[in-house]
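Before any comments, here is the structure.
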Amino acid sequence: MSDVKVQLVKTVKEFPGRRGEDAVRAVDSINLTIYDGEFFALLGPSGCGKTTTLRLIAGFEQPTSGDVIIDGEQMAGVPAFHRPVNTVFQDYALFPHMTVMQNVMFGLKMAGVDRREAERRAASALELVGLPNIRKRRPRELSGGQQQRVALARALVKKPSVLLLDEPLGALDLKLRRRMQIELKAMQAELGITFIFVTHDQEEAMTMANRIAVMDQGHILQIGRPDEIYETPRTRFVADFIGETNFLQGRLLHTEDRVGVVDIGDDVSIPAIMPERHAARAGDDVTVAIRPERIAIQGMDVPASADDSRVMVRGRVTEAYYIGTDTRYVVRVASASLTVRVQNTDYQRGMGFKPQQAVYVLWEKHNARLLVD
Amino acid sequence: MVAGLKRALRKHNAFILSLPALFWLLVFFITPLLLVLVLSFMSRDITGRGTLPFTFEQYERVFTTFRPVFVSSINIALISTVVCLLIGYPLAFYIKTRRSDAVRNLALFLVILPFWTNFLVRTYAWRVILGQSGPVNTTLLSLGLVDEPVIFLNTQFAVIVGMVYTFLPFMVLPIYASVERFDFRQVEAARDLGANDWHTFWRVVLPQTMPGVVAGCILVFIPAIGAFITPDLLGGRDGFMIGNLITRQYKGTGNVPLGAAASMVLMGAVMLSLLVYIRFTARQER
């Protein structure tokens, strides 16, 4: 897991602007290292540069500057058909004039594999994706899920060093997508091939990937394991894009040992963990993020129990919704509104608090994090 | 009685509705065709019209005396078709791959534009262009590429130029239609799977645009092989084609049965090429 598989070094991709507009930087000087055997996700909203990054690796685009290195080799000037990577396209791009078998065999034929060997390998690739019995059909006779599997078989049969997947499950319905997520993950673990996939669906990225790079406007904002990205988002964008978050605006009063104390108004101040290399100083306006499910809510009748690791502040419930698994409260704390999610269990039934009720909200200190804007 | 009639009418609805069309085909297509067929087996009287007895003489002459005319007609039509294809195929791709809609629409408009002018006028224009002192020869002379004017007119070359010019839109438009349907990401898919430009073209792009190519070739070849105005105006003796042969038999004191036989043979050739077309598209559809 320590061998470097793919590396982007200060990679830039500019597209010429239309009608005298400035050139557009789809990928703006990104550095990225992906290791052998990883299941890596490029995650971001549409237009963030994730697909362009994938296309740079595939060889469909040449970088304006910077390097793309695969298996230790510079890819500058190496055309797509000579790269040790294969792609599963967004809408599969299967060849409609060929049968399923011919589609899967295409790459082997191009590599000069003899017919019998190619047939054997194509058949086993189709078996791998769970489609052994539709060899003679044409793509248009297949369901979306089947087409997706054929596209997968067509790419995997080449035994690529890296498999690239561009929104591979985007066209499938939710149920099928969930199933394919699990299957893809199992397949990747079994084959040990490095997978790099592009998605705008944070849940999909969290489910499948070992590591995620969150992208926005051509930049990589944060790279990390799913839990790192979720638990310790560095920027407001990352915290907002992945999961649900409360943002509290305030003024940094002072900092100590990477903990900043933030005044959120009404004489309420809370501690917040500062990420590394955070440049904020006392007096700056800052944003603090807390996940709704990390906040607990407590009646005023229970004695307050704040200590070194726990933060506890007064608030007032303004809204309460029962949504099945959880109950969601909106609690007014100082000048901010905090969303609180309380899981409904046998021990803690929902709707325990009513609007206008005065409550304490509390959380473990490490859950409140100062963000980079 | 009335009810029975109604039921009968309803039962044969489709047949009754198609009666006008059937009548039209019978009177204006099948009857003349049969007349020509019968004529083609007749002898020539002194005025050039058909007369008894029945004979195979006309077909014999078509396949012997006039065989060279057929051979050179097929040649000219084939060369025109191939040249149209070589120009039309890249042109269709060029038009399709323009980024702006305005440029694309303008290009398509320019392809169709010649239809707005009379065909005869356009063909006469080529007489001027290719003439001894026309712009082509003047340019060649002034560039010093030739010492004396090249004789273009009244050659097969001039006929091919005229035909390519006339029929190019019939090639471009069907190819454009199939290029329009082509999903260009398949080029990337092919390259991703290790196909170079050559293999990508032959195995992915061409097979999927083949229906347009075949349609274009048929649409050019059929009118080209039967053309008579273009060879008449540009070809002279050298570019004499089946169309001219047939016209000559029907005008003045020709040989109407011979013209009929030549027509039948021409029609046979055209039908043969249509059969090829149908076989081909049937295979594509499967």
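So here's what we get for this one:
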| read-out | value |
| --- | --- |
| Residue A:141/residue A:189 FRET efficiency (R0 41 Å; Cβ-Cβ; nearest 0.05) | 0.85 |
| Dmax and Rg, reported as Rg then Dmax, of chain A (C-alpha, Å) | 25.1, 80 |
| Karplus (6.51, -1.76, 1.60) ³J(HN,Hα), θ = phi - 60°, over the stretch A:205-218, in Hz, Gly and Pro reported as x | 4, 5, 5, 9, 7, 6, 9, 10, 10, 8, 10, 8, 6, x |
| Most fluctuating residue given options A:85, A:104, A:113, as computed from a GNM of chain A linking Cα atoms under 10 Å | A:113 |
| Peptide A:154-163 - average C-beta neighbours from other chains (10 Å radius) | 1 |
| Spacing of the two label points (7 Å from each Cα toward its C-beta) at residue B:99 and residue A:116, in nm | 5.2 nm |
| Shielding by other protein chains, B:119-129, mean Cβ within 10 Å | 0 |
| Spin-label model distance (nm) - residue B:279 vs residue A:225, 7 Å beyond Cα toward Cβ | 6.6 nm |
| More than 24 angstrom apart: percent of Cα pairs within the stretch A:245-370 | 27 percent |
| Carbon/sulfur fraction of accessible area - chain B, other protein chains in place, 1.4 Å, % | 70 percent |
| Contact order normalised by residue count of chain B, Cα under 8 Å, 6+ apart, percent | 27 percent |
| Candidate aspartates and glutamates - alpha carbon under 17 Å from residue A:109, same-chain residues fewer than 8 apart omitted | A:117, A:119, B:188, B:192, B:197 |
| For chain A, built as a Gaussian network whose Cα springs stay under 10 Å, the top-fluctuating residue of A:77, A:243, A:107 | A:77 |
| FRET efficiency estimate (nearest 0.05) - Cβ-Cβ, residue A:133 to residue A:308, R0 60 angstrom | 0.40 |
| Between 0 and 90°, nearest 10: helix A:100-110 axis offset from chain A longest Cα axis | 70 degrees |
| The protein assembly as shown - convex hull of the alpha-carbon atoms, volume per residue in Å³ | 318 Å³ |
| Only Lys, Arg (+1) and Asp, Glu (-1) charged, at Cβ; chain A dipole about Cα centre in debye | 1540 debye |
| Square roots of five times the Cα gyration tensor eigenvalues for the stretch A:121-215, Å | 22, 16, 11 |
| Estimated distance in nm for a label pair at residue A:18 and residue A:161, the labels positioned 7 Å out from Cα along Cα-to-Cβ | 3.7 nm |
| Kirkwood hydrodynamic radius (C-alpha pairs) into Stokes-Einstein, the stretch B:66-285, 25 °C and 0.890 mPa s, D in µm²/s | 126 µm²/s |
| Fluctuation leader among A:65, A:269, A:309 - chain A, Gaussian network, Cα springs under 10 angstrom | A:309 |
| Dipole of chain B, positive end: most advanced residue of B:186, B:2, B:158 [Cβ charges, Cα centre] | B:2 |
| Extension reserve of the residue A:318-residue A:171 stretch, reckoned as 0.36 nm per residue once the Cα distance is removed | 49.0 nm |
| Positive-end residue, the protein assembly as shown charge dipole about Cα centroid, Cβ charges, pick of A:92, A:59, A:33 | A:92 |
| Average beta-carbon neighbours from other chains, 10 Å sphere, peptide B:181-191 | 6 |
| Reachable aspartates and glutamates from residue A:354, criterion Cα separation under 12 angstrom, eight or more residues apart if same chain | A:319 |
| Residues of the protein assembly as shown: accessible area per residue with a 1.4 Å probe, Å² | 52 Å² |
| Dipole magnitude of the protein assembly as shown about its Cα centre (Cβ charges: Lys, Arg +1; Asp, Glu -1), debye to nearest 20 | 3160 debye |
| For the stretch B:175-241, the fraction of alpha-carbon pairs in successive 10 Å shells from zero, as % | 19, 30, 20, 18, 11, 2 |
| Sorted largest first, extent of the stretch B:54-170 alpha carbons per principal axis (Å) | 63, 40, 25 |
| Threshold 30 Å² - residues in the stretch A:97-123 whose accessible area is reduced by that much or more when the chain is no longer isolated, probe 1.4 Å | A:97, A:106, A:110 |
| Relative contact order %, the stretch A:245-370, counting alpha carbon pairs below 8 Å whose residues are six or more apart | 31 percent |
| The stretch B:13-28 - phi-based ³J(HN,Hα) in whole Hz, Karplus 6.51/-1.76/1.60, Gly and Pro as x | 3, 4, 5, 5, 5, 8, 3, x, 5, 4, 4, 4, 4, 4, 6, 9 |
| Using alpha-carbon coordinates, inclination of helix A:115-128 to the longest axis of chain A, degrees | 20 degrees |
| Summed buried accessible area for B+A [probe radius 1.4 Å, Å², rounded to 100] | 2100 Å² |
| The protein assembly as shown: calculated mean residue ellipticity at 222 nm from DSSP helix runs of at least 4, using -39500 (n - 2.57) | -13500 deg cm²/dmol |
| Electrostatic dipole magnitude of the stretch B:66-285 [Cβ: Lys, Arg +1; Asp, Glu -1; Cα centre; debye, to 20] | 360 debye |
| Residue (of B:263, A:77, A:165) at the positive-pole extreme of the protein assembly as shown, dipole from beta-carbon charges | B:263 |
| Efficiency of FRET from Cβ geometry, residue B:82 and residue B:145, R₀ 22 Å, rounded to 0.05 | 0.30 |
| Spatially proximal lysines relative to residue A:10 (Cα-Cα < 29 Å; intrachain offsets below 8 disregarded) | A:50, A:159 |
| Rounded to 10°, Cα long-axis angle of helix A:144-156 versus longest principal axis of chain A | 70 degrees |
| Where GluC sites (Glu not before Pro) in DSSP loops with at most 15 other Cβ within 10 Å are excluded, longest remaining stretch of chain A | A:22-243 |
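The values are calculated or read from the model by the stated rules, or taken from the named source; none is laboratory data. Keep in mind it's a predicted model, so treat the numbers as computed, not measured. All Cβ positions, glycine included, derive from the backbone under ideal geometry; neighbour counts span all protein chains shown. We work out accessible area using only protein heavy atoms, side chains counted, and drop any ligands, DNA or RNA first. Shrake-Rupley method; radii C 1.70, N 1.55, O 1.52, S 1.80 Å.
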